[in-house]
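A quick write-up on the structure given underneath.
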Amino acid sequence: MQQHTVLGIDIGGSGIKGSLIDIRSGEMLGERLRLTTPQPATPEAVADTFAQLVEMHQWKGLVGCGFPAIVKHNVALTAANIDKSWIGVDIADIFERKSGCTVAAVNDADAAGLAMMRFGIGKGELGVVLVVTIGTGIGSALFHNGQLVPNTELGHVFLHNMPAEQYTADSVRKRLELSWKDWGARLSEYLRHLERIMSPDLFILGGGVSKQFDEYASFIKVDTPVRAARLQNNAGAIGAAYYAWQQTQLL
Ligand code: BGC
């Protein structure tokens, strides 16, 4: 079993979640554990929490880590919703030093998208699929015929003179106490913009708010079909585990 098991960890603005994943089926093996993201979320502090989560799983093998930034060759290149001191840091390196495990890092939305396309709502979908994850920020994962094009960062396209995530994220809905109708209209504007620039065949919405899709689905006016991932709350951890395993297959 061990060789098909990978620990998937999803680093978020408020929580760090992990579970052991069977990368053949995408199923969780055992419990999902969550620790609060330390504040400020500096590399040292987050790495300590990461190591604690690894230890709680009594895990010594491969770990895949979803991280909320552009991640190139394990290095964080941006830090929109996490401490700025992450920029330029090798995520895998600092986590490996603290946890003693081998780590592969990937953008969090790319990780969630990989899980959805491989095991979930996007399975078998060809053409251009655009996964949009909506939470503290907005992340995106672009697929063409099932193949990921990493680090698209479409939460940062401009809408009303600001990065779209500052207008449309779920954190904005909560902070401004927007009704579903008002927030749904914002999301609709955003998706229409993405539709014009990316011409997707399918949108998949992820993130916690995808569970409440019924509340705002009627306000979304786009021509492209829209699906909500709803139950795939753990997609970030599953996809991160799957990504790490994929990397070992490339060696
Ligand atoms: C970051 C992305 C991330 C998204 C969701 C954005 O602010 O720039 O890299 O995927 O938030 O966490």
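No lab work stands behind these numbers, since they all come straight from the coordinates. Being a predicted model, the structure only gives us computed values, none of them experimental. Positions of Cβ are backbone-derived with ideal geometry, glycine not excepted, and every protein chain shown enters the neighbour counts.
Just a few scattered comments:
- Across region 233-238, computed HN-Hα scalar couplings (Karplus, 6.51 cos²θ - 1.76 cosθ + 1.60, θ = phi - 60°) run 4, 9, 4, x, 6, 5 Hz from first to last residue, x flagging Gly and Pro.
- Model label points for L33 and L126, set 7 angstrom from Cα along the Cα-to-Cβ axis, are 4.4 nm apart.
- Remark: spin-label model distance E55-S199 equals 5.4 nm, labels positioned 7 Å along the Cα→Cβ axis.
- Largest to smallest principal axis extent of the C-alpha atoms in region 124-230, angstrom: 38, 28, 22
- Once C-alpha pairs closer than 8 Å and six or more residues apart are averaged by separation and normalised to the residue number of the chain, the relative contact order reads 22 percent.
- Structure note, pairs K174/K221; K123/K181; K60/K211: Cα-Cα distances above 25 angstrom occur for K123/K181; K60/K211.
- With K and R counted +1 and D and E -1, the other residues having a Cβ less than 11 Å from that of L20 yield a net charge of -2.
- Within a Gaussian network of the chain (alpha carbon springs, distance under 10 Å), most fluctuating of G155, G120, G18: G120
- Relative contact order for region 124-230: 29 percent, from Cα pairs under 8 Å spaced at least 6 residues apart, divided by residue count.
- Beta-bridge orientation, region 100-242: approximately 60 percent antiparallel, per DSSP, counting only bridges with both partners inside.
- Here the average projected area of the convex hull drawn through the C-alpha atoms of region 1-94 stands at 5.9 nm².
- Share antiparallel - DSSP beta bridges, the chain, percent rounded to 5: 60
- Whole-angstrom gap from region 193-249 to region 93-166, using each part's C-alpha centre: 9
- Residue among D48, D214, D90 with the largest mean-square fluctuation in a Gaussian network model of the chain, springs linking Cα atoms under 10 Å: D214
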